[in-house]
Structure formats: C-alpha cells, structure tokens
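Engineer: Pasting a structure here, questions to come.
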Amino acid sequence: MAERVGVYVCHCGSNIAGMVDCEAVARWAKENVSDVAVSRDYKFMCSSLGQAMIEEDIRKEGLTRVVVAACSPHLHEKTFRRACSNAGLNPYLMQMCNIREHVSWVAQERDPATEKAKSLISAAVARVKRQEPLEPMKVGVNPRTLVVGGGIAGLQATLELADAGYPVVLVERSPSIGGHMAQFDKTFPTLDCSACILTPKMSEAYQHENVTLYSYAELEEVSGSVGAFKVRIRKRARSVREDLCTGCGACIEKCPRKVVDNDFEVGLGYRKAIYMPFPQAVPKIPVIDRENCTWFQRGKCRVCEKMCQPGAIDYDQQDEIIELDVGNIILATGWKLFDCRKIPQYGYGRLANVFTNMEFERLCNAAGPTSGKIVLRDGKTEPRSVAIVHCVGSRDKNHNEHCSAVCCMAALKFGHLVLEKTGAEVYSFYIDMRTNQKMYEEFYCRLLEEGMHFIRGRVAEITDAARMPGEEGKLIIQCEDTLLGRQRRIPVDMVILMGALEPQADAKELGLKCGISCSMAGWYTERHPKLDPVATMTDGVFVAGACQGAKDIPAAVAQGAAAAARVMGMITKGTVEIEPVVASIDEEGCSGCRICNNMCPYNAIEYDAGRNVSRVITALCKGCGTCVAACPAGVITGSHFNNEQIGAEIEGILWDARAAAGRGAAAAV
Amino acid sequence: MSEAFEPRIVGFLCNWCSYRAADLAGISRIKHAPNVRIIRVMCSGRVDPSFVLKALALGADGVMVAGCHPGECHYIEQNYKTIRRYGMLKHTLKAFGLEDDRVRLIWASAAEGQQLAEAIDRFVQDVRRLGPLNWPRFWNEDPARLAAVEKMAAEHAEAMEVPA
C-alpha cells in the first residue's frame with residue numbers, strides 16, 4: 001500500500017518565508033512529489049495551532065508519514081515527534097528538513113533558496129516513506145552524580161543535589177576545594193568577605209553524608225552514556241594518608257623546604273614542600289609536592305614523617321584509580337587567568353610594580369602574603385597612586401575577543417579597597433564601563449563619589465622611562481583619553497592589570513572525554529545559548545560556571561544550581577529515553593568475516609565463534625553506523641539510517657538532476 | 001551556455017560537529033552558496049563510499065563529506081575510518097574515469113560555522129571550474145571508442161595472431 005505523506009512547510013514568521021516561497025513549495029510538493037497526500041504551509045508550524053493542524057491531518061487524512069520543513073531537527077524534532085505521537089503516529093515516522101538554518105538564513109537569493117528547499121523536501125519525503133516505527137530505549141538513571149570542579153559553581157551544584165538526598169561525587173584537581181573564590185578578599189558589589197561566604201559551603205560539602213570528595217584527583221576517562229556513565233578517577237598520591245591525618249599541621253611547620261607558591265599565592269608568597277594551599281583548605285590534609293621535597297629529590301630528610309604523631313606520612317603512596325558508576329556529570333571546571341606577559345608593552349614580569357588582578361586579590365587579602373597590606377613589590381612601600389588597566393587580553397582581537405564580564409566590577413572593587421586602605425589616587429583606564437547587574441551600577445556611582453578617576457581609553461604602554469619632571473621612579477601610563485581627545489601620561493606607583501578570564505588550558509581535552517565540544521575560544525558549548533544554558537549536546541553532561549563562559553560569582557552559583565536542578569529532574573523521572581539508533585546484524589547473511597569487529601570503538605560487536613557470526617550488543621552500541629558502512633555483505637542495518645533510507649534520500653535530493661548514462665554509472669546506483 | 005553552470009552537490013554531514021556547524025552558519029547568518037544539499041548522518045563513518053558513487057551517478061556534480069576534526073570524533077575515532085575510506089574512494093573514482101576532486105572531505109567542529117561556510121564556497125567554486133560531471137561510459141559502450149579499438153586491432157592483426 002502506498003504511504004500517505006503529509007508535508008508541512010513552515011514560514012517561521014518571515015525567517016523562512018522571507019527567502020523561500022513557502023506557498024509555492026507546498027503546492028509543488030503536493031503536485032510533484034509522489035505519495036504526498038497533504039501539503040500545507042503555515043506561519044509557525046511549531047505553535048500549538050501548527051501542531052494541532054498536523055495532528056488533525058494524521059487523524060482525518062489518514063497520514064502514515066509526516067515531513068516538517070522548518071528549522072533544524074536539533075531544535076524542534078522533539079516537538080513534532082510529540083505531535084505525531086499525540087495523533088497516534090509513531091514518532092519515528094516523521095522527518096524534519098532544515099530549510100531555515102541550511103536554506104533561508106544562509107541564502108542570498110530567493111529562487112535558488114526555493115529550489116534548495118524543494119530538493120530537501122523531496123529527499124525527506126523519499127526517506128520518510130522508508131522509515132520504520134521505532135521505540136525509544138529506556139535506561140534507568142543512576143542517582144549518583146559526578147561533579148567535576150570544586151569551585152563555587154561545582155560546590156553549589158554538589159550541595160543542591162546532596163541536600164535533595166542524592167549521592168554526589170565531587171572531584172577537584174587541586175589539593176583543596178574552593179576554586180578561585182578562595183583566593184579573593186572581598187566580593188563585589190556588597191564587599192562581603194569571600195572566605196566568610198565560601199568556607200561554610202566548603203566544609204558543608206566535605207561533611208555532607210551524601211558527598212564523596214576526591215581532591216587532588218582528576219577525571220581520567222568517561223564511558224557509557226546518560227543514566228549509566230562509567231567514570232575513572234585518578235586520585236593522585238598525596239603522600240599523606242587521609243584516614244590517619246588529623247590536619248594538625250606539625251609536618252608543615254617543621255618542613256625545612258620553602259618554595260614559591262605559584263598557585264594559590266600566585267607567586268607572591270611561599271609555602272613548604274608539604275603544604276595545604278591555604279589555612280581553611282578542605283580537606284584539611286596536606287600534600288607533599290614531590291618535585292620540591294628533599295626526601296623525594298635527594299633521598300634525605302623525612303622530617304615530616306618524624307613530626308607526624310599519627311604516622312600519616314606515606315612516601316610510597318601510589319596514585320589510586322577509582323572506578324564509579326554515575327548517572328549524570330556536571331562539569332564546573334572554571335577558568336584560568338590570561339598570561340599578562342603576552343602583552344609586553346604593559347611590562348608585566350619586567351616592571352616590578354605591575355601586578356595582575358589575581359596578585360592584587362592576594363595583596364588585599366588579610367590572609368595573604370602581606371596580611372592585607374597594599375604594598376609595592378618591595379614588600380613595604382605603600383603606593384601613593386595606583387593605575388587599574390581594564391581589558392588586558394580581553395576584548396582584544398590579538399588575544400581574546402570576549403569580554404571577561406567581571407573585570408569592570410573587580411576594578412571598582414580594587415579601587416574601593418585602595419582608597420579605603422591607602423588613600424592613594426586611583427586611576428581606572430577603561431574602554432567601556434560594564435556594570436549591568438543588580439546593584440552594580442550603584443557601586444560604580446559610589447566609586448565616582450569616592451573619588452576614583454576614570455579615564456576612557458585603552459592603555460598604549462606602561463613604561464619606567466621618565467620623560468618629564470615628576471615621572472622619575474614612577475611607572476608612566478601612556479594612553480589616549482578618548483573623552484578629552486588627547487594623549488596623556490600619568491605617572492603612578494603601582495599598576496594592576498585586569499587580566500582576562502580564559503578557558504582552562506585542558507578544557508577541550510576534558511570536553512572530549514565527556515563528549516562535549518568547545519567554542520572556538522575554548523568555552524564549553526551549551527545546548528542552546530538562551531533556552532538551555534546548562535545542558536550540552538551530550539545527554540547527561542551538564543556545564544556550570546565559568547567553564548561555559550566568563551561570569552561572576554552570582555551567575556556561576558545560579559548555573560550550579562540550575563545544573564543540579566536539571567540532574568534532579570532526570571533522577572526523579574528515573575529513566576531516560578535514548579534514541580533507538582543502533583546497529584543490528586542479520587545473522588543469516590553474516591559470513592563471520594569479523595571486519596565489523598574492529599570498526600567499533602566501544603567493543604559493541606562480539607563474535608560468536610561457535611556459530612561463526614558477529615552480533616551487536618545493543619546496550620553498548622552508540623549508533624554511529626561505521627560498521628554498517630563497512631560490512632562487505634551489507635547485512636548490518638543501522639536503524640533510522642539504513643542503506644535504503646539514505647539511498648532514497650540521495651535519490652530524492654537529486655530529483656532535478658539527470659542520472660548519468662552508461663553501465664558504470666548504473667553499477668554505482 | 002548562456003547561464004553559468006550551477007553544480008549540484010550532495011553533502012553528507014555528521015550529526016555532531018559538521019551538521020551543527022551548518023546550523024551555526026545559519027544562526028549566524030553567514031551567507032554561502034546554496035549548491036550543497038545536506039544529508040544528515042550520525043557520523044562521517046556512516047558514509048558508505050557507495051553513497052558517494054550513487055550520488056554522482058544520479059546526477060550530482062560533486063559530493064562533500066564532513067565530520068568532526070580528527071581526534072574530536074563524537075564516536076572517538078570513527079572519522080579516522082572515514083579518512084581511510086576517502087583515500088580508497090579517490091582511487092575508485094579515478095578508476096571510473098572521474099575527476100577525484102569532485103569528492104571532498106572536510107572537518108568542521110560545531111563551533112566552526114564560518115569555516116564550514118567558507119569550505120562550502122570553495123568547494124562549489126572548484127566543482128564549478130570542473131564543469132558538469134560526465135560519467136564516462138565503458139569503452140565497449142561508446143561507439144567511437146569501440147571503433148577506435150577495433151581499428152587498432154585490425155592494424156595490428158598480424159602481431160596479435162596466435163600461432164597455431
């Protein structure tokens with residue numbers, strides 16, 4: 001019996017209709033494409049009225065197949081599948097064709113766009129007639145969630161899930177959780193102490209009965225899929241036994257080896273070879289830095305072992321591999337600071353009193369290397385004038401095009417702290433002042449009143465070469481004041497560079513492990529930039545915080561909570577539906593050549609030696625179809641993408657072409 | 001011909017990277033040539049070389065296969081298999097007497113809408129330069145070539161004679 005196909009051409013307002021003659025396309029389909037029983041165009045097919053129209057046609061016209069020519073299937077495939085199901089048609093008997101993203105939005109002329117739309121519809125009709133009803137596979141959702149990254153976004157996600165009663169595994173790369181927020185002194189715009197609001201969350205997460213924390217650990221491998229991921233975590237050797245250590249700190253105190261702390265104190269302070277990153281570290285268990293430890297490097301010392309009463313020091317400790325099953329994964333891996341040395345004209349690393357924003361955070365911090373005193377690199381002189389340079393490495397085509405989002409507010413915060421602590425003159429060199437969240441603009445106004453100077457213009461150079469009286473021994477900021485319309489030279493004692501927030505150097509690598517992609521800049525790509533900001537293209541993997549794009553603390557917290565909410569939704573539902581796109585082998589035709597066995601990276605094809613056939617393990621198959629293309633006998637079928645369906649699609653898409661003559665061409669068909 | 005030749009090109013794009021790159025090109029309104037008609041497959045590894053031959057035989061002037069960048073395949077390593085098949089396919093095309101430049105393999109991550117659009121434009125231009133595809137007949141189907149071969153055989157009949 002011939003199929004009855006319904007074709008629905010969406011105008012998408014003027015998004016499609018502006019470039020494609022939708023009415024003509026719909027008419028053409030009815031008149032020229034075989035088996036098209038109904039063909040309609042409509043303003044917004046995804047609206048409830050549009051869907052109702054399709055549902056009604058399925059019922060009244062007895063449609064057996066549906067083609068929706070609208071936007072990308074990645075946007076509305078679910079919507080139209082649901083409409084089909086509502087009307088009693090198997091959702092896999094619907095095919096979308098993308099005449100918006102792939103046609104109207106990229107075309108320059110109406111006629112070629114309309115022709116292209118026709119060929120895509122012709123292909124979809126040809127294909128849909130060969131589609132088969134399928135049932136989505138249901139997979140149970142493991143309630144345990146993996147959170148990667150123990151900064152504020154990851155902590156928020158962890159606590160939301162744990163408080164809701166679900167088990168969470170939190171993996172943090174550094175020896176302590178807390179992230180960048182632990183390094184800050186004050187947070188804008190309220191100026192509340194960062195540690196005061198962060199440390200309770202850190203200890204809560206550590207002590208929570210539903211949280212398993214692996215610090216000094218990294219995610220090594222992810223396999224499986226939504227609901228049932230298998231993850232492998234490498235817990236690096238601390239050389240300190242966590243079960244015995246009491247966190248007394250005697251080992252740290254007596255360790256004779258002092259090294260510059262390039263991580264937490266960003267090079268401004270020292271730590272020992274056995275150390276905790278900061279006093280409130282969670283867990284409160286030290287780590288031996290083997291590269292700097294005298295015992296590991298020279299085979300002498302063992303002072304920490306002698307000092308440790310519980311006997312927790314274990315020099316022979318090995319990395320531990322932990323394998324776990326989790327249902328969902330939340331990546332909250334944060335950001336890294338732009339290397340300000342990349343802009344040599346700003347003198348960072350060459351001119352002593354040029355600091356980065358993170359260095360200044362530590363200078364301000366009462367628990368920092370200067371106990372909160374704002375002083376120059378010599379460690380004692382208080383600056384009498386400070387310049388804050390915005391957009392260092394951000395909004396700059398040579399480095400990062402993006403706006404780092406937090407620097408304007410952080411610069412205002414720094415200005416306030418300098419004024420409060422030293423009374424120095426503060427100059428802010430900005431391009432645009434961006435203070436667009438709740439209470440941010442008010443904070444800016446407050447700083448205007450407090451007497452911070454604002455100079456609009458990108459700094460050209462920071463130099464110590466004095467040219468004019470009063471510049472000797474100072475750092476001179478050369479810049480165009482775009483409001484005055486002239487060049488200015490401003491001598492100061494201290495410069496703070498507001499370095500950009502950048503994606504983590506290994507973000508891409510981690511993303512690949514989890515099957516998600518990064519933007520060109522390296523931020524994780526969300527499923528939809530507006531409507532689905534914490535989900536990703538891979539089901540069961542969510543992102544939160546600055547790994548998805550530069551953002552401030554409130555936004556990171558909101559995303560952490562949002563990701564947790566999404567995961568909770570999955571857990572509460574209990575099962576997820578997986579696309580039934582899998583391969584299967586017709587054992588009758590299989591010769592047991594085993595070519596397909598090596599095609600599968602998931603080892604989803606097993607060979608039955610007894611019967612000399614290969615078999616697909618459906619639960620492991622991800623549906624890529626590579627084995628289908630490889631089978632010399634053509635007995636592997638990839639459901640929803642089988643040879644017949646794709647073949648029909650090729651025929652349909654070339655409806656207006658003339659087939660090549662001759663035996664060679666005939667053989668290829 | 002008064003009208004410029006507009007090649008028909010079939011594009012096989014993988015669901016995860018290149019199809020999304022094409023979506024992104026649309027979302028970003030990056031205009032490009034309308035000649036490439038896209039067929040979505042789950043992975044570039046799904047593209048059976050016979051699909052490409054079939055498209056060419058049915059009247060396509062070129063075929064584009066696009067996948068995730070090597071090392072970034074959604075299915076770990078399947079695009080490496082595409083690379084191998086692509087090499088073999090090019091040989092096959094030559095054996096058929098077709099220009100192997102009519103088939104192109106490109107990579108585009110989901111973030112590379114711009115790059116994909118540019119690659120499409122370049123490919124369309126290159127195929128346009130090649131002109132419409134003429135699938136050569138087998139020599140024994142082509143009267144002119146058959147006559148030429150027969151003539152040659154007649155000329156060399158003596159040499160070709162098999163001694164009794």
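The values are calculated or read from the model by the stated rules, or taken from the named source; none is laboratory data. Computed from a predicted structure; not experimentally measured. Cβ: placed from backbone, ideal geometry, glycine included. Neighbour counts: every protein chain shown. Heavy atoms of the whole protein, side chains included, go into the accessibility calculation; ligands, DNA and RNA do not. Shrake-Rupley method; radii C 1.70, N 1.55, O 1.52, S 1.80 Å.
Engineer: Output the 0 to 90 degree angle, nearest 10, between the alpha-carbon long axis of helix A:553-573 and the longest principal axis computed from the alpha carbons of chain A.
Structural biologist: That helix lies at roughly 40 degrees to the long axis.
Engineer: Quick check: the distance between the Cα centres of the range A:287-340 and the range A:421-435, to the nearest angstrom?
Structural biologist: If you average the Cα positions of each part, the centres end up 40 Å apart.
Engineer: Still on this structure, I have one more. Where only protein heavy atoms count, and the probe is 1.4 Å, what is the accessible area per residue for the range A:82-131 in Å²?
Structural biologist: 29
Engineer: If you roll a 1.4 angstrom probe over the protein chains with everything in place, what fraction of the accessible area of chain A belongs to carbon and sulfur, to the nearest %?
Structural biologist: 48
Engineer: Additional query: Looking at the range A:336-502 only, what percent of DSSP beta bridges run antiparallel? Nearest 5 please.
Structural biologist: 40
Engineer: Around A:CYS12, under 9 Å between beta carbons, what's the net of Lys plus Arg minus Asp minus Glu among the other residues?
Structural biologist: The answer is +2.
Engineer: Work out which residues of the range B:55-71 lose at minimum 10 square angstrom of accessible surface when the other protein chains are put back, relative to the chain isolated, with a 1.4 angstrom probe, and list them by number.
Structural biologist: In the range B:55-71, residues shielded by partner chains: B:ALA55, B:ALA57, B:LEU58, B:GLY59, B:GLY71.
Engineer: What is the distance, in nm, between label points placed 7 Å from the Cα along the Cα-to-Cβ direction at A:ALA24 and at B:LEU146?
Structural biologist: The modelled label-to-label distance comes out at 4.4 nm.
Engineer: Here is a further query. Checking the cross-link filter: which aspartates and glutamates have an alpha carbon closer than 18 Å to that of A:LYS201, excluding same-chain neighbours under 8 positions apart?
Structural biologist: In chain and number order, the partners are A:GLU160, A:ASP163, A:GLU172, A:ASP185, A:ASP192, A:GLU209, A:ASP552.
Engineer: For the range A:473-547 and the range A:140-200, what is the separation of their Cα centres, given in Å?
Structural biologist: 21
Engineer: On a straight-distance basis, which lysines could pair with A:LYS373 in a cross-link, Cα separation under 24 angstrom, same-chain partners fewer than 8 positions away excluded?
Structural biologist: Filter leaves A:LYS186, A:LYS258, A:LYS272, A:LYS413, A:LYS421, A:LYS474.
Engineer: Which of the lysines could a cross-linker bridge to A:LYS116, judged by Cα under 25 Å and excluding same-chain residues fewer than eight apart?
Structural biologist: Reachable lysines: A:LYS30, A:LYS43, A:LYS78, A:LYS129, B:LYS31, B:LYS54.
Engineer: Let me ask something else about it. Heavy atoms only, 1.4 Å probe, whole protein assembly: order A:SER122, A:SER85 by accessible area, highest first.
Structural biologist: The residues order as A:SER85, A:SER122, largest area first.
Engineer: What number, rounded to the nearest 500 deg cm²/dmol, is the helix-based mean residue ellipticity at 222 nm of chain A, given -39500 (n - 2.57) per DSSP H run of at least four residues and division by all its residues?
Structural biologist: Calculated from helices alone, the mean residue ellipticity at 222 nm is -8000 deg cm²/dmol.
Engineer: So how exposed is A:THR618, as accessible area in Å² (1.4 Å probe, rounded to 10)?
Structural biologist: 60
Engineer: Local charge sum around A:PHE443 (other residues, Cβ-Cβ under 15 Å, Lys/Arg +1, Asp/Glu -1)?
Structural biologist: Net of charged neighbours comes to -2.
Engineer: Take A:PHE264, A:PHE454 and sort them by solvent-accessible surface of the protein heavy atoms, 1.4 Å probe, largest at the top.
Structural biologist: A:PHE454, A:PHE264
Engineer: Then there's this: What is the Cα centroid distance between the range A:621-651 and the range B:20-75, reported in whole angstrom?
Structural biologist: 16
Engineer: Given a 1.4 Å probe and no ligands, DNA or RNA in the count, how much accessible surface is buried by A and B, both sides, to the nearest 100 Å²?
Structural biologist: The buried area between A and B, both sides summed, comes to about 5300 Å².
Engineer: When Lys and Arg each count +1 and Asp and Glu each count -1, what net charge do the other residues less than 10 Å away from B:VAL36, Cβ to Cβ, add up to?
Structural biologist: So the surrounding residues net to +2.
Engineer: Compare A:LYS513, A:LYS342, A:LYS551 by solvent-accessible area with a 1.4 Å probe and give them largest first, with all protein chains kept in place.
Structural biologist: The ranking, largest first, comes out as A:LYS342, A:LYS513, A:LYS551.
Engineer: Probe 1.4 Å, all protein chains in place: accessible area of B:SER28 in Å², nearest 10?
Structural biologist: Counting only protein heavy atoms, B:SER28 exposes about 60 Å² to solvent.
Engineer: Relative contact order of chain A: what whole-number percent is it, with Cα pairs under 8 angstrom and at least 6 residues apart?
Structural biologist: For chain A, the relative contact order is 13 percent.
Engineer: Can you pull the accessible area of A:ASP314 for me, 1.4 Å probe, Å² to the nearest 10?
Structural biologist: 40
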